[in-house]
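Here is the structure we will look at.
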Amino acid sequence: MDRRNFLKAGVFGAVMASSPISFSAFGQATKTTDRLGRLNLSFEPYELKLRHSFNLAKSQRTTTPDVQVRISYDGLTGYGEASMPPYLGESVSSVCSYLARLDLSQFSDPFRIEDIHEYLESVAPGNRAAKASVDIALHDLVGKIMKQPWYKIWGLNPDKCPDTSFTVSYDADPDEMAKKISETAPYKVIKIKMGLDHDKELVESIRRRSDVPICVDANQGWTDKEKALEMCHWLAERNCLFVEQPMSKDAIDATAWLRERSPLPIIADEFLQRLPDIRRAAGAYDGINIKLMKSTGMHEAYQMAVLARALGMKVMLGCMTETSCAVTAAAQLAPMVDWADLDGNLLIENDIFDGLKIVDGKVTLPDRPGIGVVPV
Ligand code: MG
């Protein structure tokens, strides 16, 4: 649904009516309702249109629901975003309802990031993508006040950003499959989704056309641990780097069994959302996939990367299908990670921000303050 249809459908109005506080849509009442010296939140739904339909082990889709967020403060604007792929359990309605309950105007100091996160948690549990949208906008704002990008505030070296992977999904039509693989030419790592009926065909069709390393994401699609181990050996012989979430997030014993025997590192994705989950992951997985929409944003994502490193675990940085806003926010952490899977903005056709660039396959951070994006 585009913005006009969303307004027509009355969803925005319904959210406004249920809101105990006043908030504004982009470009509308922002100026009249903004309070000087206070944080002012506004938000608006935005539907992401995917370039190719997304085929996962358990679903297929052509759009991703999304909400764009702004925090304005004394003439500066921080941008944030919530992206809600259906399997995460959040929706435009749940995110807007949560955001409508927030009263950020109680805060006069954007640097109180800890206090603001405590407040976000106190309003409602869950709502991780909604919280991430506020966190990202807040980080963007704080970075702009400091006139520095977050990788610098965190003390990270942008030259240490890894290559990013680019996702290819299986297509039964050989021409369509060839076209998808040809689109990976600028990238030095390919990511594939497995756990479907054509796992080996997909790898073989890539290997006929490309020899770059492949990251494998089974999205919990493998059910038998012996077969999963066989597949790990088969993939290791074909220059694959690791396997993400091979089995159900609930199959922790089977995953630990697989991890002990697998020639490839086993990475947790669906198993793990936030900081406290890392301790449980440590015995069964070699590494974790951090995503801002799971971690409630940049604040906790940074803590997760630090903890995982301290535990000797591998760190992967992922994203949902998102605009360059949330992807570039995540990319601020890229110098800390082993593998980056930051192609979410490249998989949509209606991006509304300019941000990170992929240069020679590598994540390249913009030299701009905050999260480093500008609206286009
Ligand atoms: Mg995954």
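The values are calculated or read from the model by the stated rules, or taken from the named source; none is laboratory data. Remember, predicted model here, so these are calculated numbers, not experimental data. Positions of Cβ are generated from backbone atoms using ideal geometry, with glycine treated the same way; all protein chains shown enter the neighbour counts. Accessible surface areas use protein heavy atoms only, side chains included; no ligands, DNA or RNA. Shrake-Rupley method; radii C 1.70, N 1.55, O 1.52, S 1.80 Å.
Coupling constants for the stretch 111-120 follow from the phi torsions by the Karplus curve (6.51 cos²θ - 1.76 cosθ + 1.60, θ = phi - 60°), and in residue order they are 6, 7, 4, 4, 4, 5, 5, 4, 5, 4 Hz; glycine and proline get x.
Please state the shape class of the stretch 58-196: rounded when a/c is under 1.5, otherwise prolate if a/b exceeds b/c and oblate if not, all from the C-alpha gyration tensor. Cα axes put the stretch 58-196 in the oblate bin. Basic side chains Lys and Arg get +1 at the Cβ, acidic Asp and Glu get -1 at the Cβ, and with that the dipole of the stretch 143-205 about its Cα centre reaches some 840 debye. The Rg/Rh ratio of the chain, with Rg taken over Cα atoms and Rh as the Kirkwood radius over Cα pairs, comes to 0.97. Give me the Kirkwood hydrodynamic radius of the stretch 220-269, using the inverse of the mean 1/r over all pairs of distinct Cα atoms, in Å to one decimal. Taking the inverse mean of 1/r over all distinct Cα pairs, the stretch 220-269 comes out at 10.5 Å. Shown for the stretch 207-364: lysine pairs separated by 8 or more places, or found on different chains, whose C-alpha atoms are under 23 Å apart, numbering 11.
Given a 1.4 Å probe, how much area per residue of the chain is accessible, in Å²? Walk me through the numbers on the way to the answer.
Working: 15330 Å² over 376 residues.
With the other protein chains kept in place, the chain gives 41 Å² per residue.
The residues packed around His117, meaning those with a beta-carbon under 11 Å from its beta-carbon, carry a net charge of -4 if Lys and Arg are +1 and Asp and Glu are -1.
Remark on Gly370: its backbone amide H falls under 5 Å from those of Gly143, Lys144, Gln148, Trp150, a criterion applied only to residues 5 or more positions apart or on other chains, H modelled at 1.01 Å from N. Dividing the summed -39500 (n - 2.57) terms of all DSSP H runs of n ≥ 4 by the residue count of the chain sets its mean residue ellipticity at 222 nm at -10000 deg cm²/dmol. Computed with a 1.4 Å probe over protein heavy atoms only, the accessible area of Tyr46 comes to about 60 Å². Ligands, DNA and RNA left out, the accessible area of the chain computed with a 1.4 Å probe is 50% carbon and sulfur. The charge dipole of the chain, taken about its Cα centre with unit charges on the Cβ atoms of Lys, Arg (+1), Asp and Glu (-1) only, comes to about 560 debye. Across the stretch 371-376, rounded Karplus estimates of 3J(HN,Hα) from the backbone phi angles (6.51 cos²θ - 1.76 cosθ + 1.60, θ = phi - 60°) give 8, x, 10, 10, x, 10 Hz, Gly and Pro being marked x.
For the stretch 266-370, the Kirkwood hydrodynamic radius from C-alpha pairs, put into Stokes-Einstein at 37 °C and a viscosity of 0.692 mPa s, yields a diffusion coefficient of 236 µm² per second. As a rough guide to protection, the peptides 152-159, 102-109 ranked by mean Cβ packing within 10 Å, highest first, stand as 102-109, 152-159. Working ranking of peptides 61-72, 231-242 by packing, defined as the average number of other Cβ atoms within 10 Å per residue, highest first, is 61-72, 231-242.
Taking packing as the residue-averaged number of other Cβ atoms within 10 angstrom, the listed peptides 122-132, 178-188 run from highest to lowest as 122-132, 178-188. A cut-off of 5 Å between modelled amide H atoms, ignoring neighbours fewer than 5 places along the same chain, links Phe242 with Val216.
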